[in-house]
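Here's the structure, in structure tokens; my notes come after.
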Amino acid sequence: MVQVAVMGHGVVGSGVVEVLMKHAQSIAKRAKEEICVKKILDLREFPDSPYADRFTKSFDDILSDPEIRVVAEVMGGLHPAYEYTKQLMEAGKSVVTSNKELVAQKGAELLAIAQKMNVNYLFEASVGGGIPIIRPISQCLAANDVQEIAGILNGTTNFILTKMIHEQMPFSEALALAQKLGYAERNPAADIEGQDACRKICILASLAFGRHVYPSQVHTEGITQITLADVDYAESWGGVIKLIGEVKMQESGKVQMIVCPMFVSRESQLATVDDVFNGIMVRGDATGDVVFYGKGAGKLPTASAVVADIIDCVKHFKARKYLFWEDGDPNYVEDYLDNSVSMYVRAAVGDHADAEEAIHRVFGKVDFLTRRDAGSEELAFVTLSMPERVIDEKLEELKKSGVTVAGKIRVGDF
Ligand code: HSE
């Protein structure tokens, strides 16, 4: 029998205990060992829990218990999760986690400790909830040179955008519903401002290309500026708006990375990824595009990935799983303003004909978009692809002709 501990009894933590108990027999068969939850760490009281006797408020009860060999860290946040994870691995225990913030900030360091201590640090649940994506990138696609990853990586924002697009539900109502369903972060700003998606694309980029990318290196925009007018224009263009995390390897050995809302063509497989689902496209040189799809948030999908990692640890006490990346480099991510992109622009204008003439003069060819109920002082267009810095310069120049930007959204090319 293998004793494990679970740190955190929130949405994911309670799901981990539930899955371990409910599927105890089949898990024992797969792990070739019975897995027993010995301790659950949480500062709150759970007197009505059927496992009330296993709760502790003391981290030391787990750290100093030699019987506990695997710990699920599902507390979230950087501190004290970082310190606890380090201490546990230094004490010879394997750690599994759903904590994307910690992996995105400290992954290189924690993986190095795991390697040194010959234990495992696994984090399948940190990206894509219940979707297998960490193992596929590190193992199944290992024969490929990954060229690009683009994904809908945040369930909460995808849920909100879906409600806005299909039900015209106001933003705040959709967010409240996502919180009620257990999708959102404790502080939902991390969802709607794009940081959660940023952490996840950092983890995928680090894994795929072997060098740590820190969230602070990635230009990140959320969905708070998206209006129903933008949603309508996206439809008339032939697509939908999705919050996308993207990384592309360049010939220079540096990466282009960004997290932002994008126009996604109806032809793209990511366009039909709705509600709390995530979709992740991995472009490999041998495989071409491979797309992963499933529930990206929620109690049981995420718990399923955490428990799978626990099983993997139990099966690999002797032979360590190889998961590793080098530390980062401040020059590794290119300035996003140098990326070539096609841009949708919604602008406030005076006279339509004058504005159209000015836009053509400054940008050359553009595609004008239309929508029902557009006021006479509104114009929307999509530019050709050019460096974003150039687009910004041209938009600045347009101001002199009375064309001012009310919103802009990059156009995805996948
Ligand atoms: N808040 C996250 C999301 C949870 O909505 O995707 C899963 O990481």
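The values are calculated or read from the model by the stated rules, or taken from the named source; none is laboratory data. Worth saying up front: this structure is predicted, and the values here are computed from it rather than measured. Backbone-built Cβ (ideal geometry, glycine too); neighbour counts: all protein chains shown.
Helices (runs of 4 or more DSSP H) wholly in segment 158-274 with at least 2 residues that are within 16 Å of the ligand (Cβ to nearest atom) and free of Cβ contacts under 8 Å to residues at least 40 places away in the same chain - which ones? Lay out the reasoning, then the answer.
Values: elements: 171-180, 189-192, 195-209, 228-237.
Because the criterion is at least 2 residues that are within 16 Å of the ligand (Cβ to nearest atom) and free of Cβ contacts under 8 Å to residues at least 40 places away in the same chain, the helices (runs of 4 or more DSSP H) in segment 158-274 that meet it are 171-180, 189-192.
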Taking the criterion of being surrounded by fewer than 24 Cβ atoms within 10 Å (Cβ to Cβ), away from the ligand (no atom under 16 Å from the Cβ) and of a type in the set (S, T, N, Q), would at least one residue in segment 72-85 satisfy it?
no
Give me a count of the residues in segment 315-326 that are surrounded by 13 or more Cβ atoms within 10 Å (Cβ to Cβ) and either acidic (Asp, Glu) or out of contact with any Asp or Glu (no Cβ under 8 Å at 6 or more places or on another chain) (or both).
8
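Is one or more of the residues making up segment 251-261 at pLDDT 95 or above, touching a Gly at 6+ places or on another chain (Cβ under 6 Å) and outside the structural domain of LEU369 (by TED's automatic domain parsing)? So that I can check it myself, show each step before the final result.
Step one: list which residues in segment 251-261 are at pLDDT 95 or above, which gives 251-261.
When the remaining residues are screened for being touching a Gly at 6+ places or on another chain (Cβ under 6 Å), the result is 259.
With outside the structural domain of LEU369 (by TED's automatic domain parsing) added as a condition, the list becomes 259.
Yes, segment 251-261 contains a residue that is at pLDDT 95 or above, touching a Gly at 6+ places or on another chain (Cβ under 6 Å) and outside the structural domain of LEU369 (by TED's automatic domain parsing).
For segment 369-399, which residues satisfy the criterion of being part of a strand (DSSP E or B), out of contact with any helix residue (DSSP H, G or I) (no Cβ under 7 Å at 6 or more places or on another chain) and within 19 Å of GLU235 (Cβ to Cβ)? Outline the logic, then answer.
Initial filter on segment 369-399 (part of a strand (DSSP E or B)): 369, 378-383, 386-387.
Filter once more, so that each one left must be out of contact with any helix residue (DSSP H, G or I) (no Cβ under 7 Å at 6 or more places or on another chain): 378, 386.
Hit for segment 369-399 is GLU378, nothing else.
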Which residues, counting only those in segment 295-310, are among the small types (Gly, Ala, Ser) and at negative phi?
GLY296, ALA297, ALA303, SER304, ALA305, ALA308
Among the numbered conditions (1) more than 25 Å from TYR214 (Cα to Cα); (2) part of a loop (DSSP other than H, G, I, E, B); (3) not assigned by TED's automatic domain parsing to the domain that holds ASP145, tell me where ASN331 comes up short.
(1)
If you go through segment 361-385, how many residues are more than 20 Å from THR404 (Cβ to Cβ) and among the aliphatic types (A, V, I, L, M)?
1
